[in-house]
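S.K.: Quick one: structure below, then a few questions.
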Amino acid sequence: MKTDNSRVMTVKELSDFLRVHPTTVYHEVKCGRLPAFKVGSDWRFDRESIDRWCLGQDSAFMGAGAGGEKKLKLASAAYKGAGALFGTFEK
């Protein structure tokens, strides 16, 4: 029985949560950038660990110094859509 507030996520659930392709999740795990553990041959992700990881990404992103400002502007534009980044949809 599946519930939305399960403590453990699969690759598919995490990719949906992060809004990335499952291949990206596998790549980040392989590079050691995502907290994960294996159950047999399948990767699993603790929701609390992922939440802490996300918060850590925000902190690292914001504290990146001069380059951090540029990244922040790009990230902000990405949330608004590609048009905001290139100025093609603004009136």
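The values are calculated or read from the model by the stated rules, or taken from the named source; none is laboratory data. This is a predicted model, so every value here is computed, not measured. Cβ placement follows ideal geometry from the backbone for every residue including glycine, while neighbour counts extend to all protein chains displayed.
S.K.: I'd like the residue in the stretch 1-26 that is under 17 Å from LYS38 (Cα atoms) and assigned to a loop (DSSP other than H, G, I, E, B) and, out of all such residues, is modelled with the lowest pLDDT.
M.R.: Applying the filter and picking the extreme gives SER6.
S.K.: Continuing with the same structure: Go through the stretch 20-35 and give me each residue that's of a type in the set (A, V, I, L, M), in contact with a helix residue (DSSP H, G or I) (Cβ under 7 Å, 6 or more places away or on another chain) and loosely packed, with under 14 Cβ neighbours inside 10 Å. Spell out how you get there, then give the answer.
M.R.: Step one: list which residues in the stretch 20-35 are of a type in the set (A, V, I, L, M), which gives 20, 25, 29, 34.
Adding the requirement that they be in contact with a helix residue (DSSP H, G or I) (Cβ under 7 Å, 6 or more places away or on another chain) leaves 25, 34.
Hits for the stretch 20-35: nothing passes.
S.K.: Condition test on LYS30, is it modelled with pLDDT under 70, out of contact with any His (no Cβ under 7 Å at 6 or more places or on another chain) and among the charged types (D, E, K, R)? Step through it out loud before you land on a result.
M.R.: Values: modelled with pLDDT under 70: no; out of contact with any His (no Cβ under 7 Å at 6 or more places or on another chain): yes; among the charged types (D, E, K, R): yes.
Criteria not met by LYS30.
S.K.: Kindly evaluate LYS38 against the criterion of being loosely packed, with under 14 Cβ neighbours inside 10 Å, of a type outside the set (S, T, N, Q) and assigned to a helix (DSSP H, G or I).
M.R.: Values: loosely packed, with under 14 Cβ neighbours inside 10 Å: yes; of a type outside the set (S, T, N, Q): yes; assigned to a helix (DSSP H, G or I): no.
The answer is no for LYS38.
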